[in-house]
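Quick notes on the structure that follows.
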Number of protein chains: 2
Amino acid sequence: MNLILFNEHDFCGDNRICLHDRRHQHIAEIHRAQPDSLLRVGQINGLSGSGQVMSIDDQQVTLQVSLIQSPPAALPLTLLLALPRPKMLKRILQTISTMGVKELYLLNSYRVDKSYWSSPLLAEAAINEQLQLGLEQALDTQMPNVYIRKRFKPFVEDELPAICANTRGLVAHPYHAIDCPEATLTPTTLAIGPEGGFIPYEIDKLAHAGLTPFHIGQRILRVETAIPAVLSRLFPII
Amino acid sequence: MNLILFNEHDFCGDNRICLHDRRHQHIAEIHRAQPDSLLRVGQINGLSGSGQVMSIDDQQVTLQVSLIQSPPAALPLTLLLALPRPKMLKRILQTISTMGVKELYLLNSYRVDKSYWSSPLLAEAAINEQLQLGLEQALDTQMPNVYIRKRFKPFVEDELPAICANTRGLVAHPYHAIDCPEATLTPTTLAIGPEGGFIPYEIDKLAHAGLTPFHIGQRILRVETAIPAVLSRLFPII
């Protein structure tokens, strides 16, 4: 937790926040904060800055906050991701959030096991918990938007063309693929498939909607490795 | 397991291998192989190719192998990594192996918890198990070399200058850092610190030995995210 994130419900006075939960615990046990200690704090979807400890005890910490700093730049990216298996989903949500992705579609695909869709990790609160951990890591305050699309074809036919209009449309895929384009801050729509990849029918549909297959080499990467490798290659600054 | 890896002890005849362990189980349960099924196989530190199922039962699978293909190119990289905590070490060894790193030093650093050095995951067999999983993912056969260095100063003073001589020497570090150099196939020596980063004394020592601090952006990435992001940025092909 490089940044203590809070929201409007944590305010308990003018520029003052009171924290009770894992954040209190972290401040007490990891930072070993005392009155007057300074911590990095940020308001979700707002500014970040410093928080001065006014009081701390076993139950609660009270901080006087001074918020002056804008969050780091977001990636100009909409990411379409075939729903990963639940164990990986947690880490991937954190990674995506840490790297500055702000628009994420979790998508069905032929090789997505149906059982993944009933994971409790897909509840909005569970997703937001992982995204928040990612923001805390990156000193970011801007929560990503996550959209769940359980049907591949209607999404790709009805929504995707508008999403990827006027963007660099790409799908990470090893076959019949162009070399990875150069890093730019061009608005981008990027699809990454499941373990085992999109099937040819899906690649055809994605291509028809405007996404060009590309690769970064011949090695087959796991999705959790491919995401940072590909994002880092497509954008000059993370 | 995109590739079934075997070694010389698995031979049970001319160009014939007999497998009993998790590989037999994988071939039976995931591939649902039958006699005459073709599988991708590779000999550790040798060639890869195809394996034709000669017989399969509850105990064993026998494959006739034809080995013709060289492993994918390795990254021209020596990676120095502050020892990660054990839970992360497993995944990181797999990632490194999948991405084609062949020379890895696991290094002490001020922010490495001493307890990490007594992890059973540092036993040679345990390390090789994770590396092998990474190779299977990437269709690679060439096992990485892993060197353990429990003392930072003697390593950096006595060994590192020779390791990084005539290479592109870099340390991933957010402060007083140059922008990430462009992707090339230049032989490279790269150091990545622990969670929390190298301390200034360590950065000074690494710089003195020939490693220049660089960054890929202002976000603070976890080590497991930083590795694929940085490798993908430094080399044109993974």
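In table form, for the structure just shown:
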| quantity | calculated |
| --- | --- |
| Options A:Asp58, A:Asp36, A:Asp21; residue that is under 24 Å from the mean Cα position of the chain (by Cα), of a type outside the set (S, T, N, Q) and farther than 30 Å from A:Phe152 by Cβ | A:Asp21 |
| Residue in segment A:213-224 that is out of contact with any Phe, Trp or Tyr (no Cβ under 6 Å at 6 or more places or on another chain), in a helix (DSSP H, G or I), facing chain B (nearest Cβ under 9 Å) and closer than 30 Å to B:Val101 by Cα present | yes |
| Count of residues meeting criterion [free of Cβ contacts under 8 Å to residues at least 12 places away in the same chain and crowded, with 18+ Cβ neighbours inside 10 Å] in segment A:198-231 | 4 |
| Members of segment B:87-98 found to be away from chain A (no Cβ under 11 Å), under 14 Å from B:Glu195 (Cα atoms) and at pLDDT 95 or above, listed by number | B:Leu89 |
| All strands (runs of 3 or more DSSP E) inside segment A:9-52 with 3 or more residues being within 15 Å of A:Leu67 (Cα to Cα) | A:38-43 |
| Test: residue in segment B:12-27 that is within 14 Å of chain A (Cβ to nearest Cβ) and surrounded by fewer than 22 Cβ atoms within 10 Å (Cβ to Cβ) | no |
| Segment B:113-129, residues that are of a type in the set (Ser, Thr, Tyr) and surrounded by fewer than 15 Cβ atoms within 10 Å (Cβ to Cβ) | B:Ser115, B:Ser118 |
| Selected residue (criterion: farthest from A:Leu67 (Cα to Cα)) from residues of segment A:138-180 that are within 14 Å of chain B (Cβ to nearest Cβ) and among the charged types (D, E, K, R) | A:Asp179 |
| B:Leu121, sole failed condition from (1) over 18 Å from the mean Cα position of the chain (by Cα); (2) in a helix (DSSP H, G or I) | (1) |
| A:Ala177 of a type in the set (A, V, I, L, M, F, W, C), modelled with pLDDT of 95 or more and within 24 Å of B:Pro236 (Cα to Cα) | no |
| Of the criteria (1) at pLDDT 95 or above; (2) in contact with a strand residue (DSSP E or B) (Cβ under 8 Å, 6 or more places away or on another chain); (3) within 14 Å of chain B (Cβ to nearest Cβ), which one A:Gln130 fails | (2) |
| Subset of segment B:90-112 that is more than 11 Å from the chain's Cα centre (by Cα) and crowded, with 22+ Cβ neighbours inside 10 Å - its residue that is farthest from B:Asp204 (Cα to Cα) | B:Leu106 |
| B:Lys205, sole failed condition from (1) more than 10 Å from chain A (Cβ to nearest Cβ); (2) closer than 22 Å to A:Glu224 by Cα; (3) in a helix (DSSP H, G or I) | (2) |
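The values are calculated or read from the model by the stated rules, or taken from the named source; none is laboratory data. What you are looking at is a predicted structure, and each value in this text was computed from that prediction instead of being measured. Cβ: placed from backbone, ideal geometry, glycine included. Neighbour counts: every protein chain shown.
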